[in-house]
Amino acid sequence: VQLQACGGGLVQAGGSLRLSCAASGSTFSRYYMAWYRQAPGKQRELVAGVSRYGVTVYADSVKGRFTISRDNAKKTVYLQMNSLKPEDTAVYYCNAVDYGKPYWGQGTQVTVSS
């Protein structure tokens with residue numbers, strides 16, 4: 001499984017960005033998809049995940065501001081990020097899990113200025 005993430009950038013606090021992650025493979029619909037992030041000097045953390053059935057989970061820090069969604073026909077997962085805060089600054093990674101095996105994208109930088 002190959003994952004290609006895009007959509008990062010520089011935005012002012014309060015702004016919005018949408019990340020996209022396109023996956024290869026013909027069995028995207030069964031993957032568990034998630035977004036993680038890693039800020040400088042910090043561990044990688046789960047931001048949001050969506051199951052093959054559309055069940056979502058979010059980190060407490062992003063609930064109500066971020067929305068994860070998937071389009072199985074396009075083999076793409078999205079992360080809509082609203083009301084961005086400087087503490088959201090990090091490299092965001094797309095993750096897929098297929099039969100317990102994780103796959104990672106290359107990461108996309110999100111920088112939120114105050």
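The values are calculated or read from the model by the stated rules, or taken from the named source; none is laboratory data. This structure is a prediction, so every number in the text was calculated from the model and none was measured. Note that we place each Cβ from the backbone using ideal geometry, even for glycine, and neighbour counts take in every protein chain shown. Accessible surface is based on the protein model in full, side chains and every heavy atom, while ligands, DNA and RNA are left aside. Shrake-Rupley method; radii C 1.70, N 1.55, O 1.52, S 1.80 Å.
Go through segment 1-85 and name the trypsin sites (Lys or Arg not before Pro) that are in a DSSP coil and have 16 or fewer other Cβ atoms within 10 Å of their Cβ.
Answer in residue order: Lys42, Arg44, Arg52, Lys63, Arg65, Lys74.
Under 4.7 Å Cβ to Cβ, no partner at all: give me those cysteines from the chain, in residue order.
Cys6
Over the chain, what percent of the accessible surface lies on carbon and sulfur atoms, probe 1.4 Å?
Looking at the chain in its full context, I get 49 percent from C and S.
Could you pull out which residues in segment 53-76 have an amide N less than 16 Å from a spot 7 Å beyond the Cα of Ser83, following the Cα-Cβ vector?
58-68
Which of Pro86, Pro102, Pro40 moves most in a GNM of the chain, Cα contacts under 10 Å?
Pro40
Which whole-Hz couplings ³J(HN,Hα) result when phi for each residue of segment 49-65 is put into the Karplus expression 6.51 cos²θ - 1.76 cosθ + 1.60, θ = phi - 60°, listed in order with x for Gly and Pro?
Residue by residue, segment 49-65 yields x, 9, 7, 5, 9, x, 6, 10, 9, 9, 5, 4, 5, 10, 4, x, 10 Hz.
Would you tally the net charge around Val91, using a Cβ to Cβ cut-off of less than 10 Å, leaving Val91 out, and scoring K and R as +1, D and E as -1?
Once positives and negatives cancel, what remains is +2.
Within the set of other residues whose C-beta is less than 10 Å from the C-beta of Asn72, count the net charge using Lys and Arg as +1 and Asp and Glu as -1.
In short, +4.
Can you give the longest run of the chain that contains no chymotrypsin sites (Phe, Trp or Tyr not before Pro) sitting in a DSSP loop with at most 13 other Cβ atoms inside 10 Å?
That would be 1-52.
Given a 1.4 Å probe, how much area per residue of the chain is accessible, in Å²?
Here the per-residue accessible area is 53 Å².
For Leu19, what charge total do you get from the other residues with a beta carbon under 12 Å from its beta carbon, if Lys and Arg give +1 and Asp and Glu give -1?
+1
With point charges of +1 on the Cβ of Lys and Arg and -1 on the Cβ of Asp and Glu, referenced to the Cα centre of segment 26-87, which listed residue (Leu46, Thr76, Phe66) lies farthest in the positive direction of the dipole?
Projecting each Cα onto the dipole axis, the largest value belongs to Thr76.
Let me check against my output: what whole-number percent is the relative contact order of the chain, with C-alpha pairs under 8 Å and at least 6 apart?
37
Could you check the spin-label model distance between Leu10 and Ser61? Points 7 Å from the Cα along Cα→Cβ, value in nm.
About 2.2 nm, to one decimal.
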